Each structure stands twice: as structure tokens, then as C-alpha cells.
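A.B. asks: What follows is a single structure, and I will ask about it in a moment.
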């Protein structure tokens, strides 16, 4: 299985994976939202990027799939866009709105108070930054989010937020964002399953999994966040067979 996984990765170039990313249901949810916002002539790049990062840092312990959560989130954002834009333009925080949304969410209401605390930390510590300036400074953004939320640089939701920021900026700019090799792949149960299957193990540590996929990224010159897309959208189909 180890050789098979590596052969599978070998068939894909980084350009191939970037094309796959445009088919990711999460990418499509963001893209659909952006199109509708633009058609209303009330677009705001920094608000859009900010909402993406906010959404990403609370994307854990969800009830259904990530795709359904992001679809629900962006449907809600579109419904309330005028209100959110007004808050943004008046330098007002959206923490209370976020809490109400989490409480009533179909997909992400678990431990909503803890998630609200994360949102508040982000709001209070990043209110003066310009989100659109980080598209080519993703390592700095990784550090900023980790410091703000008091997490490791490799924390799952932190690196996932970087990935989703990249999706959002790609949609805004029409140019694919380059993810740094130094930003780790988000470790979740799906990746652990792939690793354990390849290694013929029943259990493994997060560091073992991270090091394994980090080595694959270096070997095939594919940034870990791009490798994550390939594994999520394509390799998991093989595991289901």
C-alpha cells in the first residue's frame, strides 16, 4: 500500500492538483457566494477573506460533512451580507451574530461557546490588519493565527484556515495561491486512516502521520496543503473500493 500511494501521487503534477482544487465542494461553495456578492455590487474583498478565516477556525466537531457546513455557512452569509457589511464598515465586531448562527446551525452547533471564544479572540486581535495583503505571506498569516488563538502552527484548524484563505484569494484574484512547503497538512481521522492503512497499523500518533505526509510532500515537491486536496478528493475514492 505504501508503494501504491506513492505511485498514485507520482501521477499528479502540482498543476493537476490546482485544477482539482477548483472542483473541491468547499471551493465551489465559496465561489458561488462570491459571485452572488459581486452581482449585488456590494463586494468587499477583506470582509470576504475575514469571514472565510472565521469560518475555518470553528470548522471542527461538525455534525455532517465539511461540504455541508460550508454550504450552510455561505448561504447564511449571503442572507445577512448587508448586515455584515454594515458592521465591517463601521468597525463593529460580529461576535454576537456568529454566536446566534452557531446556536441555530444544522451542522456546527457543538460546543458553540468555545467556538465563540475563538471568534472573539480573532476579532479582537486582527481588527487592524488588511486580510488581502497576506496572499503571498501565508507563513506570516499562519504565525498570526496560531499566536492569536494560542495554538501550534501545525494545529488542524489553523492550517485549514490557511488553505481556505488560499481558496478565497484564488477566487478573488483568479490566480492560484502558492502554499508554502513549511505549512503542515491538517491532520484528521481521514489522514490517520490513510497512514494506518499504508503502514498496516491500528493506531498512530499525530507526529508520525504529519512526518509521513511531510516527507511525501518534500519527495514529490507538492506543498502539504495541496497534497491534502489530492488525498481528500481523489485518493479516498480508492480507499472506499
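A.B. asks: Can you tell me which condition residue 225 does not meet? The list is (1) closer than 18 Å to residue 7 by Cα; (2) at pLDDT 95 or above; (3) under 21 Å from the mean Cα position of the chain (by Cα); (4) not in a loop (DSSP other than H, G, I, E, B), and all the others hold.
C.D. replies: (1)
A.B. asks: Going by the structure shown, is residue 84 over 21 Å from residue 141 (Cβ atoms) and in a helix (DSSP H, G or I)?
C.D. replies: Answer is yes for this residue.
A.B. asks: Restricted to the stretch 124-141, and to residues that are modelled with pLDDT of 95 or more and within 14 Å of residue 54 (Cα to Cα), which residue is surrounded by the fewest Cβ atoms within 10 Å (Cβ to Cβ)?
C.D. replies: Here the answer is 131.
A.B. asks: Could you tell me which numbered condition residue 73 fails, if it satisfies all but one of (1) within 21 Å of residue 165 (Cβ to Cβ); (2) more than 19 Å from the chain's Cα centre (by Cα); (3) surrounded by 14 or more Cβ atoms within 10 Å (Cβ to Cβ)?
C.D. replies: All conditions pass for residue 73, except number (2).
A.B. asks: From the list 78, 141, 49, which residue is in a helix (DSSP H, G or I) and closer than 22 Å to residue 187 by Cβ?
C.D. replies: Sole residue among the options that is in a helix (DSSP H, G or I) and closer than 22 Å to residue 187 by Cβ: 141.
A.B. asks: Mind listing whichever residues of the stretch 151-176 are part of a loop (DSSP other than H, G, I, E, B) and either surrounded by 21 or more Cβ atoms within 10 Å (Cβ to Cβ) or without any contact (Cβ under 8 Å) to a residue 24 or more places away in the chain (or both)?
C.D. replies: So in the stretch 151-176, the residues part of a loop (DSSP other than H, G, I, E, B) come out as 151-155, 174-176.
Result: 151, 152, 155, 174, 175.
A.B. asks: How about the stretch 217-231: which of its residues are crowded, with 18+ Cβ neighbours inside 10 Å and either farther than 19 Å from residue 15 by Cα or touching a residue at least 40 places away in the same chain (Cβ under 8 Å) (or both)? Give the steps one after another, and end with the answer.
C.D. replies: Pass one, the stretch 217-231, residues crowded, with 18+ Cβ neighbours inside 10 Å: 217, 222-231.
Once the filter is applied, which keeps residues that are crowded, with 18+ Cβ neighbours inside 10 Å and either farther than 19 Å from residue 15 by Cα or touching a residue at least 40 places away in the same chain (Cβ under 8 Å) (or both), the stretch 217-231 yields 222, 223, 224, 225, 226, 227, 228, 229, 230, 231.
A.B. asks: Also: Looking only at the stretch 181-205, which residues are within 21 Å of residue 56 (Cα to Cα) and surrounded by 14 or more Cβ atoms within 10 Å (Cβ to Cβ)?
C.D. replies: Here is the first cut: in the stretch 181-205, the residues within 21 Å of residue 56 (Cα to Cα) are 181-192.
Within the stretch 181-205, 181, 183, 184, 185, 186, 187, 188, 190, 191, 192 qualify.
A.B. asks: For the stretch 206-215, check the following and say yes or no: at least one residue is over 19 Å from residue 11 (Cα atoms) and within 18 Å of the chain's Cα centre (by Cα).
C.D. replies: yes
The values are calculated or read from the model by the stated rules, or taken from the named source; none is laboratory data. Everything numeric here is computed off the predicted structure, so don't read it as measured data. All Cβ positions, glycine included, derive from the backbone under ideal geometry; neighbour counts span all protein chains shown.
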